[in-house]
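What follows is a single structure, written as structure tokens, with notes after it.
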Amino acid sequence: MRPRMNDAKGYMDPIGIDEVIVGESVARVVESRSDKLKVGDLVTCYSGWQEYVTFPADAPMVYKIHQKNNVPLQTYLGVAGMPGRTGYCGLMYVGKPKAGDTVVVSAASGPVGTVVGQTAKQEGCRVVGVAGGPEKCRFVTDELGFDACVDYKAGNLEDDLKAACPDGIDIYFENVGGAVTKAVAPLLNPGARVPICGYVSAYNAKDMSEVETPFQILKALDPVPEHRFFLVTEWQDRHQEITQILADRVASGELKYRETIAEGLDSAIDAFKGMLKGRNFGKQLVHIAD
């Protein structure tokens, strides 16, 4: 959402003036003229920041939710939704983890990082998170089961990360950019892989031309590690399959998560600004209606 608020061409067009802010939601069908969906069905869809939306019956990116027992609806926007699929696909298909690898993931307590780290543990990797503040770091190690978590706000990022990764880093899952990427870069092992999901530290920069991106930091290394930007839509044909994998793990208790819920559409702006500053804990959600 945030990059699309800039008047610059990216992988998606900017949001036009007076257009609805983009965003995914879990929605309930209240009226239908289609055989595909009936009144009362639940879907994920890109409704944007509004209470009601209409779609044609064959609209892309509208998926019926086959809710499982013990899986709260909001997880289909978080660890069992687009962020979760992003973490899963980026790790498994770009990072290509192997047992014994050291995996570092930034924004480790968020929905993407949460899935990356717990999936990597299931693949037999040593997992190190990077998060902001002791509470988030404790959650990452004590509840999510990461091997270590570095507090980037503590003021010793480079030394703490080096101590947490004595054998170097084989996979770095990039969510943040900036100082975290610079601390990771010297520790990357030969053959390291870096899936680049985003770099939120730069999203509020007034002049993106002055931002040192992860691509520039990584390309300055010798050897240059394997790295690329990816979008979860590269695996859109596996949307329902991967959603089911993640929902099953939530239902079984294997996939743990945290979330922050703001009440009412009027709270969306403050929730959004807080999320960009790391004030949320886990997935930031806005509850509009039951």
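Among the residues of this structure, Gly81 does not count as one that is among the small types (Gly, Ala, Ser) and either loosely packed, with under 13 Cβ neighbours inside 10 Å or touching a His at 6+ places or on another chain (Cβ under 8 Å) (or both). Could you pull out the residue among Gly40, Gly16, Gly48, Gly23 that is within 21 Å of Leu265 (Cα to Cα), of a type outside the set (A, V, I, L, M, F, W, C) and either touching an Asp or Glu at 6+ places or on another chain (Cβ under 6 Å) or exposed (fewer than 15 other Cβ atoms within 10 Å of the Cβ) (or both)? Checking each option against the conditions leaves just Gly16.
How many of the residues in region 273-287 are assigned to a strand (DSSP E or B) and surrounded by 15 or more Cβ atoms within 10 Å (Cβ to Cβ)? The total comes to 4. Taking helices (runs of 4 or more DSSP H) as the structural unit, those lying wholly within region 139-245 and holding at least 3 residues that are farther than 18 Å from Val105 by Cβ correspond to 214-219.
Here are some residues: Asp248, Asp237, Asp266, Asp270. Which one is within 21 Å of Thr86 (Cβ to Cβ), free of Cβ contacts under 8 Å to residues at least 12 places away in the same chain, more than 16 Å from the chain's Cα centre (by Cα) and loosely packed, with under 15 Cβ neighbours inside 10 Å?
Working: Asp248 fails: free of Cβ contacts under 8 Å to residues at least 12 places away in the same chain; Asp266 fails: within 21 Å of Thr86 (Cβ to Cβ); Asp270 fails: within 21 Å of Thr86 (Cβ to Cβ).
So the residue among Asp248, Asp237, Asp266, Asp270 that is within 21 Å of Thr86 (Cβ to Cβ), free of Cβ contacts under 8 Å to residues at least 12 places away in the same chain, more than 16 Å from the chain's Cα centre (by Cα) and loosely packed, with under 15 Cβ neighbours inside 10 Å is Asp237.
Applying the criterion of at least 1 residues that are under 18 Å from Gln236 (Cβ atoms) to the strands (runs of 3 or more DSSP E) found wholly in region 1-116 leaves 42-45.
Which members of region 180-218 meet the condition of being of a type in the set (Gly, Ala, Ser) and modelled with pLDDT under 95? Result: Gly198, Ser201, Ala202, Ala205, Ser209.
Looking only at residues of region 51-61 that are more than 26 Å from the chain's Cα centre (by Cα) and either of a type in the set (Gly, Ala, Ser) or open to solvent by 100 Å² or more (accessible area, probe 1.4 Å) (or both), we find that the one that is farthest from Asp290 (Cα to Cα) is Asp58. Given the conditions (1) among the charged types (D, E, K, R); (2) touching a Gly at 6+ places or on another chain (Cβ under 8 Å); (3) over 19 Å from Tyr88 (Cβ atoms), which single one is not true for Asp170? The number of the failed condition is (3). Scoring Val176 on the criteria (1) open to solvent by less than 10 Å² (accessible area, probe 1.4 Å); (2) in contact (Cβ under 8 Å) with a residue 24 or more places away in the chain; (3) of a type outside the set (D, E, K, R); (4) under 25 Å from Gln216 (Cβ atoms) leaves a single failure, condition (1).
The values are calculated or read from the model by the stated rules, or taken from the named source; none is laboratory data. All of these numbers come straight from a predicted model, not from anything done at the bench. We place every Cβ from the backbone using ideal geometry, glycine too, and count neighbours over all the protein chains shown. Protein only, heavy atoms only, side chains kept; ligands, DNA and RNA dropped before computing areas. Shrake-Rupley method; radii C 1.70, N 1.55, O 1.52, S 1.80 Å.
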